[in-house]
Amino acid sequence: NIVFLHGQFMPMSEAKISPMDRGFLFGDGIYEVVPSYDAKLVGFGLHIERMQNGLDAIGIKLNMGVDDWRNIAQNLIEKNGKGNLGLYLHVSRGADVKRFHAFPENIQPTVFAYAFTIPAPPIADKLKVKQYSVTSTEDLRWKRCQIKSTSLLGNVMHFQQGREAGVDETILYNQRDELTEASACNVFVVKNDVIMTPPLDNQLLPGITRNMVLDILRKDGTLHIQERPISMTEVHAADELWLTSSSKEIAPVVELDGQPVGNGRVGDIWQLAQTLYSANKH
Ligand code: PDD
């Protein structure tokens, strides 16, 4: 496995970072995961734009543009085989000489990237697609969830809660009992042929897949779309529930908190949405 670190490509076994790296000590960094199928990157420009927004939000100055990132991504794809890959891109604030909370002056950010195998994208067939089960719990993360921070302990603990309950994901709600997102996905709800998802704010990541799904569905124009707060009562009464993320695309959920979602089978609206997404992504 060939990775990119400190400006060079090298085998993973030779990649070393300082224990004083603030990514290691504080989770002080920003990351992205971009899917690539047969060397075709999906939503690359949007991912890099979100990464730059994150770096600006936490005050990391990095002189890298979309072309530099694309160059690294394409090299990693070349060097690691061209199948179904996730590209992990990571920038931490860098390594200081001591552990101290304040941002150090004059340190170089640490840039790391590597490629890992992901499943093939879902086929838009409601009888063959993987069916997901989820539980729900109160969102106990911080109030800046729009930043794709490498400080993921809150997400990790929520994801693990789901694992221990024997399900695939944990969907999250705020103190007002409104849906936010899931521990590593955005969430969509379908009721009476209306597709709903929570509006963008500090409670959720502006998912690239979420964004592309909304764009593609709006362009198609056959279904009604609403970006609005969604109560957990509505979530429990949904006809369909979907998770979206770069590596999953649109994932249909058939069980929530031990109860069937809708009729307990993958829905027709999911099939339509995933068909449109498969045809129009990139
Ligand atoms: N997860 N919400 C959270 C909290 C996420 O971590 C992710 C992505 C998403 C979906 O975003 P996108 O559509 O841009 O992938 C929503 C990545 C894949 C991860 O942490 O591995």
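The values are calculated or read from the model by the stated rules, or taken from the named source; none is laboratory data. The model shown is predicted, which means the values in this text are computed figures rather than measured ones. Note: ideal-geometry Cβ built from the backbone for every residue, glycine included; neighbour counts use all protein chains shown.
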Selected residue (only one of Pro229, Pro260 is farther than 29 Å from Leu87 by Cβ and free of Cβ contacts under 8 Å to residues at least 12 places away in the same chain): Pro260
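Within the range 150-164, take every residue that is farther than 16 Å from Asn186 by Cα and more than 10 Å from the ligand (Cβ to nearest atom) and give me the one that is surrounded by the most Cβ atoms within 10 Å (Cβ to Cβ).
So, considering only residues that are farther than 16 Å from Asn186 by Cα and more than 10 Å from the ligand (Cβ to nearest atom), the one surrounded by the most Cβ atoms within 10 Å (Cβ to Cβ) is Ser151.
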Test: Val253 is farther than 20 Å from Pro35 by Cα and within 16 Å of the ligand (Cβ to nearest atom): yes
When residues of the range 3-27 are limited to those that are within 23 Å of the chain's Cα centre (by Cα) and under 14 Å from Leu89 (Cα atoms), the one surrounded by the fewest Cβ atoms within 10 Å (Cβ to Cβ): Leu5
Residues (surrounded by 13 or more Cβ atoms within 10 Å (Cβ to Cβ) and either aliphatic (A, V, I, L, M) or at pLDDT below 95 (or both)) located in the range 139-149: Ile147
Condition check for Pro119: touching a residue at least 60 places away in the same chain (Cβ under 8 Å), exposed (fewer than 13 other Cβ atoms within 10 Å of the Cβ) and within 16 Å of the ligand (Cβ to nearest atom): yes
